[in-house]
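Reading through the structure tokens given below for one structure.
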Amino acid sequence: MAVSGAPAYLRLVDPLSQDEIRSSFVNCSKGEAKGVTLPARVETILWADLEFLGWRDPKAPGRAYLVLWHDGTPVGLSLRATTPPKSRLRSSMCAFCTTVHGATDVAMFSARRAGAAGKAGNTLGTYLCRDLSCCLYVRRKLKSEVPQPNETLSVEDRIARLELNAHRFVADVLG
Ligand SMILES: [Zn+2]
């Protein structure tokens, strides 16, 4: 897989303030964005280890958020998370970081598309790490509980692949 040639602009991750995060959302109303529960302490986030900031809403279990720099602008997505029924999946792979998980450690995340398509009810879904900790999985700072396929990619290449996958999803949501 040729992923090491990811454009350099994708790698720009500058720390974001709470206000920047709140005003970055592209696929929900201003009212919804105001109601987003932000990660507890934005100033303690280790941005150098993140291609994107992803978190589950501690006050609303079915909601999750993903914020990243996309084409030089902070872009935030509001997501709905649903856990697939255990009987359907024995294990599944995250579409961003390709970590293989047991069925309960992946979730289906769906994003309303930005703009008119979203207002018409158009959504886009993908299976991702349940806790959206892809950035830590690619760095092996977190480990899945199930065996992983053999892979010879370096950490840098895994990071580049994660970035490509995440930015593709964001680009699709933006339409
Ligand atoms: Zn992942």
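The values are calculated or read from the model by the stated rules, or taken from the named source; none is laboratory data. No experiment lies behind these values; they were computed from the predicted model shown. Cβ placement follows ideal geometry from the backbone for every residue including glycine, while neighbour counts extend to all protein chains displayed. Note: areas computed on protein heavy atoms with side chains; ligands, DNA, RNA excluded. Shrake-Rupley method; radii C 1.70, N 1.55, O 1.52, S 1.80 Å.
A few notes on this one:
- Flag if A103 is at pLDDT 95 or above, more than 17 Å from C28 (Cβ to Cβ) and of a type in the set (G, A, S): no
- Condition check for L12: open to solvent by 20 Å² or more (accessible area, probe 1.4 Å) and modelled with pLDDT of 90 or more: no
- Unique match (being hydroxyl-bearing (S, T, Y), farther than 18 Å from L68 by Cα and touching a residue at least 24 places away in the same chain (Cβ under 8 Å)) among T126, T99: T99
- Cβ-Cβ under 6 Å pairs, at least 6 apart or on other chains, region 142-158 side touching a residue at least 40 places away in the same chain (Cβ under 8 Å), far side surrounded by 13 or more Cβ atoms within 10 Å (Cβ to Cβ) and assigned to a loop (DSSP other than H, G, I, E, B): S144/T99; D157/V3
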